[in-house]
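The values are calculated or read from the model by the stated rules, or taken from the named source; none is laboratory data. Bear in mind that the values here come from a model prediction, so they are computed numbers and not experimental data. Note that each Cβ is placed from the backbone with ideal geometry, even for glycine, and that neighbours are counted across all protein chains shown. Side chains are part of the model used for accessible areas, which takes the heavy atoms of the whole protein and leaves out ligands, DNA and RNA. Shrake-Rupley method; radii C 1.70, N 1.55, O 1.52, S 1.80 Å.
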Amino acid sequence: MSADNNTSEPLFSKKNKMLITDPLTDNNPVTIQVLGICSALAITVQVSQAIVMSLSVLFVIIMGNLIVSLLRNLIPSRIRIIVQLLVVASLVIIVDQVLAAFLPDLSAKLSVFVGLIITNCIIMGRLEAFAMANKPWPSILDGLGNGLGYGAILILVAVFRELFGSGTLMGIPIFGNSLPGEESGLYTIGYQNNNLMILPPMALIITGVIIWVQRARNKALIEEH
Amino acid sequence: MESTLDIFVKAIFSENMIFAYFLGMCSYLAVSKTVKTAVGLGAAVIFVLTVTVPVNYLLENYVLKEGALGWIDEQYAELDLGFLSFIMFIAVVASIVQLVEMLVEKFAPALYGALGIFLPLIAVNCSILGGALFMAERQYSTILDATAFSIGSGIGWFIAIVAIAAIREKLRYSNVPGPLRGLGITFIVTGLMGIAFMSFMGIKYGKEAPTEEGEPITTMLDTNQENNIN
């Protein structure tokens, strides 16, 4: 299929590069298109969970885009939603089984949120809006870009929440030991972890602030109301 | 054991789909600009959750779970079809939404007029599939408990979307900083509402006293928090 594309345009033409870079900044799926927040925020307490979730979504969105793009001329438009759902669900089952086999602890922590990748609006949105109308190679790039854009926000939120909520990053203590009686580092001078950061509502507020910063830097994105 | 009432009230407040688990956020943010449409979508979610979760409960307990097929024949008693649950749940949700849409259109045209455009959207609403997956994970002991959970979650979702829609209608008259307008302020307000809803945590609702398990209120609160974090 790539040979087919090579004849018309180079593999990494400007247009194709845009497919990857655009969702990372001015067309971010989470902060601009408001998609995929459902399963995104609940697993941002720890960076490791957020990374595993981002990789899972990346895999599902790239493979889903590729498969639907290959099938796009065979899928009758009346039943396309259910076909897309089945493709995504099969891919998510693969991810779930792999996680359960190789990372059982993380898989237990992610609980139902791996399954909820199926109804992640980013994936359905990209399948419907892009993969149904484009060739396989651009579809893969589009999946890659959107998956990375989603992962970037997820990991950014998780870094804030884990750093200030538990004082660690990837489980490694950053500010010293916080256990009562054996404090070290910052905790000896009275620093406290902000337990509010661990609670679910803070994920929403941090995302709100990220949106605020992004729109303050790029005035074109400001909404009327 | 939690009482059925306990499960019901917990699903509405302390384990609210939106504020504790962020399920169904996409439609929550997209369809909450006016109270009227929010009520329509909220009602449709209650309706679909109430129908799909019990069906998925039967599917889980009589087909998919390990040993669930034992009622057909002894030789099937060891099968575990749990890995199929995602694909089965989403198929059930999508087809029930289709069926409900057709039935409502035929027998209750007025209701169809009110819910019509929202029903197809709901097949991909995370809260519906989330309801089914939580039901499977928590292993409710009876179908009654599972139904109580599904109605409670639906009502919780309804309350959340109607409340945010009412706030957004008022927000239109306030002078929000430019970059925060629209999406940003909605996120922050939802976060503040979530903090308010967290005050329902740790309350023991049911009639049955928790003394049997010897579980003081404080540990209840701890486990609740852990649930929410994970």
message: Out of the GluC sites (Glu not before Pro) in the stretch A:149-212, which ones are loop residues according to DSSP with at most 13 other C-beta atoms within 10 Å?
response: A:Glu182
task: Sum up the charges of everything whose Cβ sits under 14 Å from the Cβ of A:Arg126, counting Lys and Arg as +1 and Asp and Glu as -1, but leave A:Arg126 out.
output: -1
message: Accessible area of the stretch B:102-169 with a 1.4 Å probe: how many percent of it is carbon plus sulfur?
response: 74 percent
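Could you do me a favour and compute the accessible area per residue for chain A, 1.4 Å probe, result in Å²?
45 Å²
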task: Using a 10 Å cut-off on Cβ to Cβ distances, tally the other chain neighbours for every residue of B:12-24 and report the average as a whole number.
output: 4
task: Rounding to the nearest 20 debye, state how big the charge dipole of the stretch A:66-128 is about its Cα centre with +1 on each Lys and Arg Cβ and -1 on each Asp and Glu Cβ.
output: 280 debye
message: Output wanted: per-residue J couplings in Hz (rounded whole) for the stretch A:91-98, from phi through Karplus 6.51 cos²θ - 1.76 cosθ + 1.60, θ = phi - 60°, x for Gly and Pro.
response: 5, 5, 4, 4, 4, 4, 5, 5
statement: Any residue on another chain or 5+ positions along whose placed amide H is under 5 Å from the amide H of A:Leu169 is listed here as A:Ile174
Fluctuation leader among A:Asn16, A:Asn28, A:Asn73 - chain A, Gaussian network, Cα springs under 10 angstrom: A:Asn73
field: Apportionment of accessible area to carbon and sulfur, the stretch A:32-219, percent (1.4 Å)
entry: 68 percent
field: Most fluctuating residue given options A:Gly115, A:Gly176, A:Gly36, as computed from a GNM of chain A linking Cα atoms under 10 Å
entry: A:Gly176
task: Provide the per-residue ³J(HN,Hα) series for the stretch A:80-89, in order, calculated from phi with Karplus coefficients 6.51, -1.76, 1.60 and θ = phi - 60°, each as a whole number of Hz, with x at glycine and proline positions.
output: 5, 4, 5, 4, 4, 4, 5, 4, 5, 4
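Is there a simple number for the mean count of other chain Cβ atoms within 10 Å of the Cβ of residues in B:169-181, and what is it?
Taking the mean over all residues of the peptide, I get 3.
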message: If you take the accessible area of A alone plus B alone and subtract the pair, what total do you get in square angstrom, rounded to 100, with a 1.4 Å probe?
response: 4100 Å²
